[in-house]
Amino acid sequence: MYKCLLKNKLGNTFKSKFKITNFTNLIYKEFATTKTIEECLKKSITFESLKVEDTSGNCGAAFKIIIKSKEFNGKGLVQQHRMVTDILKDELKDVHSIVIKTEEIKNQDKL
């Protein structure tokens, strides 16, 4: 095992142990952050509210996403979650766990 530096997308560097088989491979690895997840969702889906929380102590290994959008109206829960994970597929490659809570916007919610 060799120590390796990991770098998230905000530029924070973490030390970790990885077995490195090829020293010409990438030493810095970028991880998702709450900011990058929010930016991806803002570009791809219209929503009324969005909350992204790093539940792994800001190391980018686990996230909780709560999103309320009209685009979920009439879709099943699996379809709603798939919409979110499809948007974030690149961001979530190295994420260990994710909790997604989606909510529809109904006409009475606008009052």
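Since every read-out is calculated from the coordinates, none of them should be taken as a lab result. In this text the structure is predicted, and so the values were computed from the model without any measurement. We place every Cβ from the backbone using ideal geometry, glycine too, and count neighbours over all the protein chains shown.
Of note:
- For the stretch 32-110, size of Cβ-based charge dipole, Lys and Arg +1, Asp and Glu -1, in debye: 220 debye
- For the stretch 32-110: relative contact order, % (alpha-carbon pairs under 8 angstrom, 6 or more apart): 35 percent
- Taking other Cβ atoms within 10 Å as a rough exposure proxy, 100, 65 sort from fewest to most as 100, 65.
- For the stretch 43-85, with +1 on Lys and Arg beta carbons and -1 on Asp and Glu, the positive-most of 55, 72, 84 along the dipole: 72
- Mean Cβ count within 10 Å, highest first, over the residues of peptides 88-96, 33-41, 73-81: 33-41, 88-96, 73-81
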